[in-house]
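Peer 1: Pasting a structure here, questions to come.
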Amino acid sequence: MLTDFDAYPAWNPHVRRVVGRPRVGGRIAIHTRPPGGRTVVMRPVILSWTAPHELRWRATFVSRALFSGEHGYRLEEIAPGRVRFVQDETFSGWLVPLYARARLASTRLGFAQMNEALRTRAESEAANPGTPVAAVGATS
């Protein structure tokens, strides 16, 4: 589900599109659109990729000293047939205060909406294996 990037537009209200094939050291294009915000395209470097369990990347603006954001998704098995989704993000650099004022609240809300849409999608797929899942929380 997290590694099926082609399906993101159907269910993910925040990360609207991912282009490319992740490989450690490579780049992908990530299109995000937080609630009430405009689409931003990042081209981060992949730091870790273990499908379907983990994806971690770092996006940098000009230089890591100016602005850098490291983001990760991880699935952890907590019991047979049960997983926990862990998402984290760390920002660093001189522009972090500006980013915090301009975009951090909407970014957090966008990822919270993504988390909820992912949970709804996963629970629906678990309850109805093999049945296509309708779009959840997605907007164009």
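Peer 1: Those residues that are of a type in the set (Lys, Arg) and more than 13 Å from VAL96 (Cα to Cα), I need them from segment 47-69; list them, please.
Peer 2: Those that are of a type in the set (Lys, Arg) and more than 13 Å from VAL96 (Cα to Cα): ARG56, ARG58.
Peer 1: Something else now. Being surrounded by 15 or more Cβ atoms within 10 Å (Cβ to Cβ), over 19 Å from the mean Cα position of the chain (by Cα) and either within 21 Å of ILE46 (Cβ to Cβ) or of a type in the set (Val, Ile, Thr) (or both) is the filter here, so list the residues in segment 77-123 that pass it.
Peer 2: GLY93, VAL96
Peer 1: Of all residues in segment 9-31, how many are surrounded by fewer than 18 Cβ atoms within 10 Å (Cβ to Cβ), farther than 15 Å from PHE111 by Cβ and touching a Lys or Arg at 6+ places or on another chain (Cβ under 8 Å)?
Peer 2: Within segment 9-31, residues that are surrounded by fewer than 18 Cβ atoms within 10 Å (Cβ to Cβ), farther than 15 Å from PHE111 by Cβ and touching a Lys or Arg at 6+ places or on another chain (Cβ under 8 Å) number 4.
Peer 1: Restricting the search to segment 9-29, which residues are within 15 Å of GLY69 (Cβ to Cβ), part of a loop (DSSP other than H, G, I, E, B) and over 13 Å from the mean Cα position of the chain (by Cα)?
Peer 2: Hits for segment 9-29: nothing passes.
Peer 1: Oh, and also: What single numbered condition from (1) surrounded by 13 or more Cβ atoms within 10 Å (Cβ to Cβ); (2) not in a loop (DSSP other than H, G, I, E, B) fails to hold for ASP6?
Peer 2: Of the numbered conditions (1) surrounded by 13 or more Cβ atoms within 10 Å (Cβ to Cβ); (2) not in a loop (DSSP other than H, G, I, E, B), the odd one out for ASP6 is (1).
Peer 1: Now, a different point. Anything in segment 32-46 that is touching a residue at least 24 places away in the same chain (Cβ under 8 Å) and surrounded by fewer than 17 Cβ atoms within 10 Å (Cβ to Cβ)? List them, or say none.
Peer 2: Hits for segment 32-46 are PRO35, GLY36, GLY37.
Peer 1: Which members of segment 1-18 meet the condition of being of a type in the set (D, E, K, R) and either closer than 14 Å to ALA29 by Cα or touching a residue at least 24 places away in the same chain (Cβ under 8 Å) (or both)?
Peer 2: ASP6, ARG16, ARG17
Peer 1: Residues of segment 47-75 being touching a His at 6+ places or on another chain (Cβ under 8 Å) and either of a type in the set (A, V, I, L, M) or farther than 16 Å from ALA29 by Cα (or both), which ones?
Peer 2: ALA59, ARG74, LEU75
Every read-out reported here was derived from the displayed coordinates using simple, explicitly stated rules and does not represent laboratory data. None of these values were measured; they are calculated from a predicted model. Ideal geometry is used to build each Cβ from the backbone, glycine not excepted, and the neighbour counts take in all protein chains shown.
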